[in-house]
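Report on one structure; see the data block that follows.
The values are calculated or read from the model by the stated rules, or taken from the named source; none is laboratory data. As the structure is a prediction and not an experimental result, all values here were calculated from the model. Note that each Cβ is placed from the backbone with ideal geometry, even for glycine, and that neighbours are counted across all protein chains shown. Keep in mind that these areas ignore ligands, DNA and RNA; they rest on the heavy atoms of the full protein, side chains included. Shrake-Rupley method; radii C 1.70, N 1.55, O 1.52, S 1.80 Å.
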Amino acid sequence: EGIMNRLFPAMPEEAFKTYLEQYEQLHDSICPAPFSGIRELMSALVEKGFHLAMVTGKSRQATDITLKKFGLLPFFELIETGSPEKASKVNKLTNVLHHFNINPSEALYIGDEARDIDYCRKANIAIASAAWASTAQLLELEQQNPGMVFKQLESFKDWLFKQ
């Protein structure tokens with residue numbers, strides 16, 4: 001929404017509506033499914049009693065489209081989405097901690113961008129860098145988050161369940 005407000009100040013609502021329509025229409029052809037094994041991992045975490053939350057810069061509407069298409073919406077107890085006014089991921093991370101009444105040392109964020117590492121450091125939350133996408137900025141992630149970059153979902157899962 002914030003981007004549409006800046007790009008189309010005369011008609012931001014119409015632009016955002018068109019964006020969402022196109023996002024939903026093209027979703028299946030561009031990104032038809034979550035990474036293989038994600039549903040099973042999330043299910044196992046929920047079965048073990050972990051709280052799952054999502055913190056994303058995407059709008060609530062776009063987030064819901066993706067999570068519904070992927071069948072992942074039921075796994076999340078809390079979803080914090082982007083704001084049209086400003087980026088506020090650190091605040092959103094803090095909101096999650098407060099919501100579940102947990103300390104930062106009890107949380108783990110899984111992110112795929114270097115800026116996620118910065119946000120988590122500001123919130124004192126550990127981060128595992130998901131680098132299993134072909135678009136991952138592997139070198140940058142490894143430089144900023146050494147020892148916590150996972151190139152395959154399976155290696156992340158193995159590491160996680162040993163913790």
Crossing angle, helix 114-123 versus the chain [Cα axis fit, 0-90 degrees, rounded to tens]: 70 degrees
Rg(Cα) / (2.2 N^0.38 Å) computed for segment 15-75, rounded to two decimals: 1.25
Whole-number accessible area per residue in Å² for the chain, which is evaluated in the context of all protein chains at 1.4 Å: 63 Å²
Cβ-based charge dipole, the chain, positive-most Cα from Leu160, Leu20, Ser105: Ser105
Residues with amide H under 5 Å from that of Ile79, placed H, sequence gap 5 or more: Met54
Charge dipole (the chain, unit charges on Cβ, about Cα centre) - positive-most of Phe75, Leu93, Leu41: Leu93
Cα pair count fraction exceeding 16 Å, expressed as % - segment 100-163: 43 percent
Within the chain, helix-based [θ] at 222 nm, where runs of 4 or more DSSP H residues each add -39,500 (n - 2.57), nearest 500: -15500 deg cm²/dmol
Calculated over the chain: convex hull of Cα atoms, volume per residue (Å³): 125 Å³
Contour excess over end-to-end distance, with Cα ends at Phe100 and Ile3 and 0.36 nm allotted per residue: 31.8 nm
Crossing angle, helix 38-47 versus the chain [Cα axis fit, 0-90 degrees, rounded to tens]: 60 degrees
Percent carbon-and-sulfur accessible area, segment 1-112, ignoring ligands, DNA and RNA, probe 1.4 Å: 55 percent
Simple Cβ-charge dipole of the chain, Lys/Arg +1 and Asp/Glu -1, about Cα centre, in debye nearest 20: 260 debye
DSSP-assigned coil residues among GluC sites (Glu not before Pro) in segment 34-86, each with at most 16 further Cβ atoms within 10 Å: Glu77, Glu85
Trypsin sites (Lys or Arg not before Pro) within segment 1-48: DSSP coil, no more than 13 neighbouring Cβ in 10 Å: Lys48
